[in-house]
Amino acid sequence: MATAQQSQGGSNNLAIILGVALIAVLAVIAVYMMQDNRSGSERAADAIEALPQGVDKAADKLGDQPPAENVKRNAEKATN
């Protein structure tokens, strides 16, 4: 009798862990699927900030940035 209850509790814990892991994976996927919603002035400001690193780096800032860069930039804005 005790083993039946223990295995049922173990499967509930496994289901909860799998559910949390699935939600975490979906959140990461959602972040990486975000589009670059910067305005033209934000793109120009990013390019100007990157100018000391070289003209090529500055030109790259004018195009779409990968989602990880967007998250990094938004985190920096939130902390400033």
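Every number in this text was worked out from the coordinates using simple rules, so none of it is lab data. This is a predicted model, so every value here is computed, not measured. Glycine also receives a Cβ, built like all others from the backbone with ideal geometry; neighbour counts cover every protein chain displayed.
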key: Cα centre as origin, Lys/Arg/Asp/Glu Cβ charges: the chain dipole, Debye   = 220
query = Farthest toward the dipole's positive end in region 37-80, which of 75, 37, 59, given Cβ charges of +1 (Lys, Arg) and -1 (Asp, Glu) about the Cα centre?
reply = 75
ask   = Given q = 0.12, 0.24 Å⁻¹, what are the Debye log10 I(q)/I(0) values for the chain, with equal point scatterers placed on the Cα positions and solvent ignored?
value = -0.54, -1.10
task = Would you mind counting up the charge near residue 57? Only other residues with Cβ under 11 Å from its Cβ, with Lys and Arg at +1 and Asp and Glu at -1.
result = -3
ask   = For the chain, what is the calculated [θ] at 222 nm in deg cm²/dmol (nearest 500), taking -39500 (n - 2.57) for each run of four or more DSSP H residues and dividing by its residue count?
value = -26000 deg cm²/dmol
